[in-house]
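Participant: Please see the structure below; I have some questions.
The values are calculated or read from the model by the stated rules, or taken from the named source; none is laboratory data. Computed from a predicted structure; not experimentally measured. Note: ideal-geometry Cβ built from the backbone for every residue, glycine included; neighbour counts use all protein chains shown.
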Amino acid sequence: MKQRDPFGRTGPVVAYWQAGKPGNKAFRDKGDPGPNIANLANLRTARMRARDAVRNIPLASRAVDLDVTNIVGTGIVPRFDDRSLASLWQQFEDECDASGIYDIYGLQEAGVRAWRETGECFIRIRYRRPTDGLAVPVQLELLEADMVPLQNFPVLSNGNRIIQGIEFNGIGQRVAYWMHKQHPGENYGLTISQNDLVRVPADRVIHIFEPLRPGQVRGFPPLATVLQRLQQKNDYDEATLERQKLASSFTAIFTRPEPGEDGSDPITGEPIDSREMSDIAPGSAYTLLPGEGVEFPNLPSLGGEYEGFSRVNGRDIAAGFGLPYELLTGDFQGLSDRTARVLINEYRRRVEQHQWHRVIRQMMRPIKSAWVASARLIGAVGDSTPDTLRWVPPAWPYFHPVQDVQALKLEVQAGFRSQSDVIHSRGNDPDQVRKERAAEQADDRKAGIHSATTTPDPEAGR
């Protein structure tokens, strides 16, 4: 193949990028499918293997737990500007789950766990009757990814297309989700057709997933990039354990003279087979017959290769899932305090990204909108009541409590932050903190107690 240079001369095509050089054996070219075709072929198998890894491989379970704990913690809380809405939300927190198992923050945890394990999950908004006894007649049903099939169906009569169970209109908007009536894993072996599915409008479904490519409609398990590594490390660990168990079974090897033709000991004349050796117990001493000996085998040790392999493989697994190796494995050997801060701060930025892009944007904002609309519909909230709020994720623990508090204090004194912002960053409600402080100061003055937090009573000197 030839190309023309700026002067009109022709010559062979030059591969200026090694990554684009044809026939480069360093790469495994698998074609370049679109974002949904790439998922369609392997998503169900990858999801199954990810669940199996979480069930059976400790590092996989730890990886998911670590993300869930840090992303959700005790819950990402809305702080409403209007106190009546805040009070109504507190009732909804306990009534929100259609199954009656979770409160709203337990639902956050379960949803994030399903997303980090299998790549996605769905929440179906269930509107209830005003007579159902709920403060606001709406509840939430958490659904696994399997509830929406991966098949593509023929174009509908109105021109809409169903791509991997999600219906799109002519301009690419999601208009509906096609869902199983029950979990397909409880109906194993049955063929699914479009008639076995329920069409749920898109404004009643919340889809939590992380699109890695523009146009991607379904989520892929985050564990997929490290599943093979996890399985290989698990197999290596089990093989090493079996080798050590087998080696430890041999404590000592007794040797005897070669038996004579009649099977007797050539020295003592006793039948060899009738003299059995007993188990060796700690602190025991044994008398050997003439001609017998004992050898202690040189048992294989793990040496440095096992630890080295585990660390290298563990780092690859941690990097693939987006976790610090030290947090994933608990191996803090040789880690300094400053290096730990760098690692934790980097991980925190990633966690905050998931908190705001996944939990708040994809999950909690649609829930809040549906809840407010239902509350206005039944008159529990006035149409003019503002529904503005602030989402407050759980506070991060201090690295160095004294230094961190001093830094926050200096920020407030310099005018870089407000006290309310600092209180919010600690996961607390500024209004509640002020009420508690005022009550404590009043009690201290009444009891004649003076402390650093007690302010003088302006009426005391009059």
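Participant: With the checklist (1) touching a residue at least 12 places away in the same chain (Cβ under 8 Å); (2) surrounded by fewer than 17 Cβ atoms within 10 Å (Cβ to Cβ) in hand, flag the one item Pro58 doesn't pass.
Facilitator: Unmet for Pro58, out of (1) touching a residue at least 12 places away in the same chain (Cβ under 8 Å); (2) surrounded by fewer than 17 Cβ atoms within 10 Å (Cβ to Cβ): (1).
Participant: Could you grab me the full set of residues in segment 368-412 that are farther than 30 Å from Gln90 by Cβ and of a type in the set (A, V, I, L, M, F, W, C)?
Facilitator: Scanning segment 368-412 gives Phe399, Val402, Ala407, Leu410.
Participant: Then there is this: Restricted to segment 286-329, and to residues that are modelled with pLDDT of 90 or more and not in a helix (DSSP H, G or I), which residue is farthest from Val68 (Cα to Cα)?
Facilitator: Taking the candidates together, the pick is Pro324.
Participant: Can you pull out the residues in segment 151-165 that are β-branched (Val, Ile, Thr), closer than 18 Å to Asn195 by Cβ and not in a loop (DSSP other than H, G, I, E, B)?
Facilitator: Ile162, the sole residue that qualifies.
Participant: Further, regarding this structure: Residues of segment 29-49 being at pLDDT below 85 and in a helix (DSSP H, G or I), which ones?
Facilitator: Correct list: Ala38, Asn39, Leu40, Ala41.
Participant: Still on this structure, I have one more. Can you confirm whether segment 395-403 contains a residue that is closer than 30 Å to Ile125 by Cα, modelled with pLDDT of 90 or more and either small (Gly, Ala, Ser) or surrounded by 12 or more Cβ atoms within 10 Å (Cβ to Cβ) (or both)?
Facilitator: Taking every residue of segment 395-403 in turn, at least one turns out to be closer than 30 Å to Ile125 by Cα, modelled with pLDDT of 90 or more and either small (Gly, Ala, Ser) or surrounded by 12 or more Cβ atoms within 10 Å (Cβ to Cβ) (or both).
Participant: Further question on the same structure: With respect to the numbered conditions (1) free of Cβ contacts under 8 Å to residues at least 12 places away in the same chain; (2) touching a Leu at 6+ places or on another chain (Cβ under 7 Å); (3) among the small types (Gly, Ala, Ser), which one is the sole condition not fulfilled by Ser418?
Facilitator: Status for Ser418: all satisfied but (2).
Participant: Then there's this: Across segment 90-108, what is the total count of residues that are under 18 Å from Pro394 (Cα atoms) and not hydroxyl-bearing (Ser, Thr, Tyr)?
Facilitator: 7
Participant: Here are the criteria: (1) over 24 Å from Pro393 (Cα atoms); (2) surrounded by fewer than 21 Cβ atoms within 10 Å (Cβ to Cβ). Tell me which single one Met147 does not satisfy.
Facilitator: Only one criterion is unmet by Met147, namely (2).
For every residue, the table says whether it meets (1) of a type in the set (D, E, K, R); (2) under 30 Å from His424 (Cα atoms); (3) within 26 Å of the chain's Cα centre (by Cα).
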site	(1), (2), (3)
Asp81	yes, yes, no
Cys96	no, yes, yes
Gly106	no, yes, yes
Glu109	yes, yes, yes
Arg129	yes, no, no
Leu134	no, yes, no
Glu144	yes, no, yes
Pro149	no, no, yes
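Participant: Also, quick follow-up: Is one or more of the residues making up segment 370-377 within 21 Å of Arg62 (Cβ to Cβ) and either in contact with a helix residue (DSSP H, G or I) (Cβ under 8 Å, 6 or more places away or on another chain) or at pLDDT 85 or above (or both)?
Facilitator: Scanning segment 370-377, I find no residue that is within 21 Å of Arg62 (Cβ to Cβ) and either in contact with a helix residue (DSSP H, G or I) (Cβ under 8 Å, 6 or more places away or on another chain) or at pLDDT 85 or above (or both), so the answer is no.
Participant: Right, here's the next one. Is it the case that segment 91-108 has a residue that's among the aliphatic types (A, V, I, L, M), more than 30 Å from Arg376 (Cα to Cα), modelled with pLDDT of 95 or more and touching a Phe, Trp or Tyr at 6+ places or on another chain (Cβ under 8 Å)?
Facilitator: no
Participant: Does Val175 count as at negative phi, among the β-branched types (Val, Ile, Thr), at pLDDT 95 or above and not in a loop (DSSP other than H, G, I, E, B)?
Facilitator: In short, yes.
Participant: I would also like to ask the following. I need the strands (runs of 3 or more DSSP E) fully contained in segment 192-268, keeping only those with at least 1 residues that are modelled with pLDDT of 95 or more and more than 25 Å from the chain's Cα centre (by Cα).
Facilitator: Passing ranges, in order: 197-201.
Participant: Within segment 80-101, count every residue that is without any contact (Cβ under 8 Å) to a residue 24 or more places away in the chain, among the aliphatic types (A, V, I, L, M) and part of a helix (DSSP H, G or I).
Facilitator: Total satisfying the criteria: 1.
Participant: For segment 61-75, how many residues meet the condition of being of a type outside the set (Ser, Thr, Tyr), assigned to a loop (DSSP other than H, G, I, E, B) and surrounded by fewer than 22 Cβ atoms within 10 Å (Cβ to Cβ)?
Facilitator: Qualifying residue count, segment 61-75: 2.
Participant: So, in segment 102-147, how many residues would count as being in a helix (DSSP H, G or I), within 22 Å of Arg390 (Cβ to Cβ) and touching an Asp or Glu at 6+ places or on another chain (Cβ under 8 Å)?
Facilitator: So the count comes out to 5.
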